[in-house]
1. Within segment 33-57, how many residues turn out to be in contact with a Leu (Cβ under 8 Å, 6 or more places away or on another chain) and at negative phi?
2. Go through segment 107-145 residue by residue and tally those that are touching a residue at least 12 places away in the same chain (Cβ under 8 Å) and either touching a Lys or Arg at 6+ places or on another chain (Cβ under 7 Å) or not β-branched (V, I, T) (or both).
3. With respect to the numbered conditions (1) surrounded by fewer than 18 Cβ atoms within 10 Å (Cβ to Cβ); (2) closer than 27 Å to S105 by Cβ, which one is the sole condition not fulfilled by G49?
4. Scan segment 84-97 and report the pairs whose first residue is small (G, A, S) and whose second residue is assigned to a strand (DSSP E or B), with Cβ atoms within less than 7 Å and a gap of 6+ or a chain change.
5. Report the residue count in segment 110-128 for those that are buried (at least 23 other Cβ atoms within 10 Å of the Cβ) and more than 25 Å from Y11 (Cβ to Cβ).
6. Yes or no: segment 9-20 includes at least one residue that is in contact with a helix residue (DSSP H, G or I) (Cβ under 6 Å, 6 or more places away or on another chain) and farther than 24 Å from H200 by Cα.
7. Quick one: in segment 169-193, which of the residues that are of a type in the set (S, T, Y) and under 22 Å from A31 (Cβ atoms) is surrounded by the most Cβ atoms within 10 Å (Cβ to Cβ)?
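Read-outs: derived from the displayed coordinates by stated rules, not from any lab. Just so you know, these numbers come straight off a predicted model, no measurement behind them. Cβ sites come from the backbone with ideal geometry, for glycine too, and all protein chains shown count toward neighbours.
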Amino acid sequence: MDVQAHWNSIYSEKAPETVSWYAPHLETSLAFIQRAAPERSAAIIDVGGGESTLVDDLISHGFENITVLDVSQTAIDADKRRLGEASTRVCWIAADVTKIELKPSAYDLWHDRAVFHFLTEAEDRCAYIRQVARGVKSGGHVIVATFGPEGPMKCSGLDVVRYNKESLGSQFGDHFRLVDSLTTMHRTPAGKMQQLLYCHFSVE
């Protein structure tokens with residue numbers, strides 16, 4: 001499957017507020033980020049940002065060093081149109097996170113809401129975790145949200161892997177220390193409830 005073509009198609013054919021993962025604001029993500037990186041100069045990368053408004057809220061809360069990475073150029077272009085002039089204050093990367101070479105120790109905080117659970121192949125998960133270990137500074141923070149044990153088994157026509165905090169922690173390994181976790185319920189635009197697991201790791 002061509003991952004980029006798949007997600008470009010999703011973002012081209014569906015309005016942002018109709019996709020199952022849509023929320024007007026990602027309050028839980030923002031709260032985790034603000035606790036982990038209170039300094040507004042912190043270098044933050046939002047992986048799989050899609051068309052979410054998290055970048056808008058980070059800007060409005062005064063964060064100054066924001067990168068958004070997504071495999072879909074279509075999603076990134078939509079973000080830029082929505083933000084207008086403010087989009088020039090963000091670094092945009094259109095790439096597959098498992099394949100791009102990120103700059104070493106470039107980020108204080110890595111945020112991912114719903115990319116990791118799409119990685120059903122062990123080699124892709126290993127590539128992702130290598131990117132995190134490479135890109136995040138020692139002492140930095142990693143916030144990852146996946147479907148929980150009672151979450152759906154598919155999303156956007158793709159299989160996913162569901163996690164609890166122990167199984168997600170074991171995927172990341174000893175280089176990452178679990179600081180906090182939270183299980184929440186997300187209501188989709190269609191009214192269905194989906195279980196999400198948030199884990200906050202520090203980089204040892």
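1. Qualifying residue count, segment 33-57: 16.
2. Here the count works out to 26.
3. The one condition G49 does not meet is (1).
4. A94/D70; A95/L69
5. Looking only at that region, the number is 0.
6. Looking for residues that are in contact with a helix residue (DSSP H, G or I) (Cβ under 6 Å, 6 or more places away or on another chain) and farther than 24 Å from H200 by Cα, one finds at least one in segment 9-20, hence yes.
7. Start the filter on segment 169-193 by keeping residues that are of a type in the set (S, T, Y), which leaves 170, 181, 183-184, 188.
If we keep only those that are under 22 Å from A31 (Cβ atoms) too, we end up with 181, 183-184, 188.
Details: S181: 17, T183: 15, T184: 13, T188: 15.
Of everything passing the filter in segment 169-193, S181 is surrounded by the most Cβ atoms within 10 Å (Cβ to Cβ).
Matching residues to (1) in contact (Cβ under 8 Å) with a residue 24 or more places away in the chain; (2) of a type outside the set (D, E, K, R); (3) touching a strand residue (DSSP E or B) at 6+ places or on another chain (Cβ under 7 Å):
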position	(1), (2), (3)
H6	yes, yes, no
S9	no, yes, no
S12	yes, yes, no
S20	yes, yes, yes
H25	yes, yes, no
S29	yes, yes, yes
